[in-house]
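J.: Sharing a structure with you now.
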Amino acid sequence: MSFLPGKVPIEVLQKIVFRNLGTKRDDVVLGPSIGEDAAIVQVGKEVLAIAADPITGAEKWLGWLAVNVSANDVATCGIQPCWFSSCILLPEGSKEELIERICSQMDRAARQLNVAIIGGHCEITPGLEHPIVTGCSIGTAENGKYVTSNGAKIGHKIILTKGTGIEGTAILASDRRKELLQVFDEISLEKAENFFTKISVVKEALTAFKTGGVSAMHDPTEGGVAGGLHELADAANVGFQVYEEKILVSEKTRRICKHFEIDPLQLISSGSLLIVAKEEKTEEIVSELSQNGVCASVIGEIAKPNLGRKMVTRTDEQIELVRPVSDHLWVALAKQFI
């Protein structure tokens, strides 16, 4: 069986990956699970959140993304990321300038998040066509308090920050720049690529958690907001109803998605954050986010699992929300530039 690019299917995780997890230890509070962003480990009296992610594209932004994407996963637990380690794999023929760019970006991203880079590995890897950076972030729970995706409660509201397709918009603006210049002006395309600067969700995750009433948070990456909602529901064994008109989609994202004939809801969305919270705290959370410069909207609510996973369209039609087979970034990148 061959797979499409991106995450392997859930059934493969359950059939193979989750059955090969080494020794079972009592200090592993939360191990590999569908829809969870980070592992939770008890170390003495401390609770740690640990997350790792590879960055395989967007070569110009590798170091920046490596820190921010893994830090995001820690922050979705309501935990400040503190430490970062990386594994940098470079193709044969790589120059010192590439290492400088990756490492300086990691340094800048880590300083912005108050994260220490504590180690890692860097090598020239035979047979590799493009550089790959894998990042691992770790944080300590304040007073042992944290949330996970499986905490989403029926009746709680779903908040989305910033909008959908943020990372995918930036990647396509960067990697397909020549093609998109036929339909975008230079300034607009530059602004679309600068969506990379919106990738961090650490501030909004910690702001929401400290405001209170949060039962779950999830970082919608591959598969976009549609995939993220399904993963959240998988983790908590719940359903949901969301409203298409409430889901923020920037004009630049809409135009890029229209050009490549892809769905913004299925486009990789690092930089967005799904927050599930008690209804009575929702307005306060959105207000606190706004005061911290983060736009957010209430897009729906958690429902009983037997009610399904619905989206109400702009024409008031209730449909099952599509579950992405493969992120639409790969669909766009597979199309030939004529």
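J.: Does Ala233 meet the test of being under 30 Å from Leu13 (Cα atoms) and either buried (at least 21 other Cβ atoms within 10 Å of the Cβ) or free of Cβ contacts under 8 Å to residues at least 60 places away in the same chain (or both)?
T.: Yes.
J.: Out of all the residues in the range 291-310, which are in a loop (DSSP other than H, G, I, E, B) and either surrounded by fewer than 17 Cβ atoms within 10 Å (Cβ to Cβ) or in contact with a Phe, Trp or Tyr (Cβ under 9 Å, 6 or more places away or on another chain) (or both)?
T.: Once the filter is applied, which keeps residues that are in a loop (DSSP other than H, G, I, E, B) and either surrounded by fewer than 17 Cβ atoms within 10 Å (Cβ to Cβ) or in contact with a Phe, Trp or Tyr (Cβ under 9 Å, 6 or more places away or on another chain) (or both), the range 291-310 yields Asn292, Gly293, Cys295, Lys304, Gly308.
J.: How many of the residues making up the range 311-329 are surrounded by fewer than 18 Cβ atoms within 10 Å (Cβ to Cβ) and outside any loop (DSSP other than H, G, I, E, B)?
T.: Matching residues across the range 311-329 total 4.
J.: Here are some residues: Lys157, Lys153. Which one is more than 17 Å from the chain's Cα centre (by Cα), surrounded by fewer than 18 Cβ atoms within 10 Å (Cβ to Cβ), in the same structural domain as Glu251 (by TED's automatic domain parsing) and modelled with pLDDT of 95 or more?
T.: Answer to the selection: Lys153.
J.: Can we say Ser200 is closer than 16 Å to Lys157 by Cα and not in a helix (DSSP H, G or I)?
T.: Judged against the criteria, Ser200 is not a match.
J.: Within the range 108-122, which residues are surrounded by 14 or more Cβ atoms within 10 Å (Cβ to Cβ) and assigned to a helix (DSSP H, G or I)?
T.: Those that are surrounded by 14 or more Cβ atoms within 10 Å (Cβ to Cβ) and assigned to a helix (DSSP H, G or I): Ala109, Ala110, Gln112, Leu113.
J.: Regarding the range 311-324, can at least one residue be identified that is within 18 Å of Gly224 (Cβ to Cβ), out of contact with any helix residue (DSSP H, G or I) (no Cβ under 6 Å at 6 or more places or on another chain), at pLDDT 95 or above and of a type in the set (D, E, K, R)?
T.: Within the range 311-324, one or more residues are within 18 Å of Gly224 (Cβ to Cβ), out of contact with any helix residue (DSSP H, G or I) (no Cβ under 6 Å at 6 or more places or on another chain), at pLDDT 95 or above and of a type in the set (D, E, K, R).
J.: Additional query: Filter the range 224-250 down to residues that are under 19 Å from Leu267 (Cβ atoms) and of a type in the set (A, V, I, L, M) and give me whichever is nearest to the chain's Cα centre (by Cα).
T.: Val225
The values are calculated or read from the model by the stated rules, or taken from the named source; none is laboratory data. In this text the structure is predicted, and so the values were computed from the model without any measurement. Backbone-built Cβ (ideal geometry, glycine too); neighbour counts: all protein chains shown.
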